[in-house]
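In what follows, a structure is listed as C-alpha cells, so that the remarks can point back to it.
Where a number appears in this text, it was derived from the coordinates with a stated rule and is not lab data. Source: prediction; values computed, not measured. Cβ atoms come from the backbone with ideal geometry, glycine included; neighbour counts cover every protein chain shown.
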Ligand code: AMP
C-alpha cells in the first residue's frame, strides 16, 4: 500500500494504475477509521477499483467553536486498517498541501443546505463541497463512495457532481450501526459510558418513525412530536433538530407522501450526534 503525501505523487500513482488498466475508486475520510469507513472500502474493492482512501481532517468544514483541535486522530492505526482492508493507496496530505493561503475559491451548493445541518453549522457544507471537489480533481476517480449516515452531505455531493458536470459515479452506502442501533461515528469516542448508553435512543426514535409511517401515520408534525418525546426520555443535553424533508430536494414536508428523509442532531454533553432514516409510504414492505 502506498502512502501519498503530495498532490503530485498522488496524480502520478493514479496515472500508473490507469496505465495498468485499473479503474480508480476514492473513499474520502477524516480518519479515526471504523467499520463504517471499512464498509465504504469494501464496496469500492468489490467494484474492482484501485482504491485510494484519503485521510484529511479538513479545517474549513469546522466552525470556530467546533471540535477541530480535539477531533480524534490515529494515523498509524488508520494506515494499518487500510493495509488490512486491501486499500491500494492512502492519500494523507498536510493542511499546507491542500490549501494555498492565497486560495479564493469555494464551492457552495445552494438550497440543499437550507435545512438540517446547514443553518446549524454555517460554512460546513461549503467546506465539505470544496474539499471533496479538490479530492475529486486530484484523484480523478471513476467512482467515489460516501455514507448515507451523512445523508445531507451525500445529497450535496451528488448535486455538486451533477452541477459541475464531473465525470465520477457517486455511490451511497448504508449506515453501519452498533448492535444497539447507534450509528458508528468517530465522535462516539467522546461519549461517556452513560451518554453512550442513552445515545441508542437516536436510532430507536428513527426506527419508530419508520414503523409509524408504515402503519399509516403521515402527519410530519405528529411524527416529529412523537420522536421528540422519545428522544427526551434519553435526557439529551440538547436536541438540535428533528426534521422531515423530502429525500430529493431536502425541503421540509408537512405530510409524508413520498421518499422522505427523517434526520436528527442531538447533543450529549459536548458531543453532537447525527443520524437519519429514509422512509417511503409507497414502499412495498420487504
Ligand atoms: P468521516 O470520516 O466522518 O468524514 O466519514 C467519511 C465517510 O464515511 C463519509 O462518507 C461518511 O458518511 C462515512 N461514514 C461515517 N460513518 C459511517 C457509518 N456509520 N456507516 C457508513 N458510512 C459512514
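Report, to the nearest 10°, how far helix 35-46 tilts away from the longest principal axis of the Cα atoms in the chain, using its own Cα long axis and a range of 0 to 90°.
Its long axis makes an angle of about 60 degrees.
What's the exposure ranking of 55, 239, 277, going from fewest to most Cβ atoms within 10 Å? Present the calculation step by step, with values, prior to reporting the outcome.
Values: 55 24, 239 15, 277 20.
Going from least to most buried by this count: 239, 277, 55.
Calculate log10 I(q)/I(0) of segment 127-286 for q = 0.08, 0.13, 0.19, 0.20 Å⁻¹, where I(q) comes from the Debye formula with a single equal point scatterer on each Cα and nothing for solvent.
Once normalised to I(0) and log-transformed, intensities are -0.26, -0.68, -1.20, -1.27.
Stokes-Einstein D for segment 13-61 at 37 °C, 0.692 mPa s, Kirkwood Rh over Cα pairs, in µm²/s? List each step's numbers first, then the result.
Details: Rh = 11.7 Å.
Taking Rh from Cα pairs, D becomes 280 µm²/s.
Counting other beta carbons within 10 Å of each residue's own, what order do 140, 105 fall into, fewest first?
On the way: 140 18, 105 8.
With the fewest neighbours first, 140, 105 line up as 105, 140.
Relative contact order of segment 219-286, please, whole-number percent, based on alpha carbon pairs below 8 angstrom and at least 6 residues apart. Please report the intermediate quantities before stating the final value.
Numbers: 108 pairs, mean separation 19.5, N = 68.
Result for segment 219-286 is 29 percent.
Between residue 249 and residue 230, what length comes free when the chain is fully extended (0.36 nm per residue of separation minus the Cα-Cα distance, one decimal in nm)?
On the way: separation 19, 0.36 × 19 = 6.84 nm, distance 2.71 nm.
Length difference between fully extended and current span is 4.1 nm.
Round to the nearest 0.05 the FRET efficiency obtained for residue 3 and residue 162 when R0 = 41 Å and r is the Cβ-Cβ distance. Don't jump to the answer; show the numbers that get you there.
Working: r = 32 Å, r/R0 = 0.79.
It comes to 0.80.
What is the extension gain from residue 239 to residue 97, computed as 0.36 nm multiplied by their sequence separation minus the C-alpha to C-alpha distance, in nm to one decimal?
Values: separation 142, 0.36 × 142 = 51.12 nm, distance 3.73 nm.
So the chain would gain 47.4 nm between residue 239 and residue 97.
Could you state the angle between the C-alpha long axis of helix 220-233 and the longest principal axis of the C-alpha atoms of the chain, as a value from 0 to 90 degrees rounded to the nearest 10?
Between helix and principal axis, roughly 80 degrees.
For segment 164-252, what are the per-bin percents of Cα-Cα distances with bins 5 Å wide, up to the bin holding the maximum?
Taking all Cα pairs of segment 164-252, the binned fractions are 3, 11, 18, 21, 19, 14, 8, 6, 2, 0 percent.
Relative contact order of the chain: what whole-number percent is it, with Cα pairs under 8 angstrom and at least 6 residues apart? Walk me through the numbers before you get to the answer.
On the way: 489 pairs, mean separation 49.0, N = 286.
Value for the chain: 17 percent.
Pick out which of 151, 162, 205 has the largest mean-square fluctuation in a Gaussian network model of the chain, springs linking Cα atoms closer than 10 Å.
The residue with the greatest mean-square fluctuation here is 162.
Can you give the extra length, in nm with one decimal, that the chain gains between residue 20 and residue 257 once fully stretched, where that is 0.36 nm per residue apart less the Cα-Cα distance? Intermediate values should be presented prior to the final figure.
Numbers: separation 237, 0.36 × 237 = 85.32 nm, distance 4.88 nm.
Full-extension gain reported as 80.4 nm.
With the chain treated as a Gaussian network of Cα nodes joined by springs under 10 Å, which of 72, 193, 93 yields the largest mean-square fluctuation?
193
Rounded to two decimals, what is Rg over Rh for the chain when you use alpha-carbon atoms and the Kirkwood radius?
Working: Rg = 19.2 Å, Rh = 19.9 Å.
Reported Rg/Rh (Cα atoms, Kirkwood Rh): 0.97.
Would you mind ranking 175, 113 so that the residue whose beta carbon has the fewest other beta carbons within 10 Å leads the list?
Details: 175 20, 113 24.
Ranked by crowding around the Cβ, least crowded first: 175, 113.
For segment 112-225, what does the relative contact order come out to in percent, with C-alpha contacts under 8 Å and a separation of six or more?
Values: 80 pairs, mean separation 21.8, N = 114.
Reported as a whole number, the value is 19 percent.
Between 31, 147, 269, where does the largest GNM mean-square fluctuation fall for the chain, given springs only between Cα atoms within less than 10 Å?
Its mean-square fluctuation being the largest, the pick is 269.
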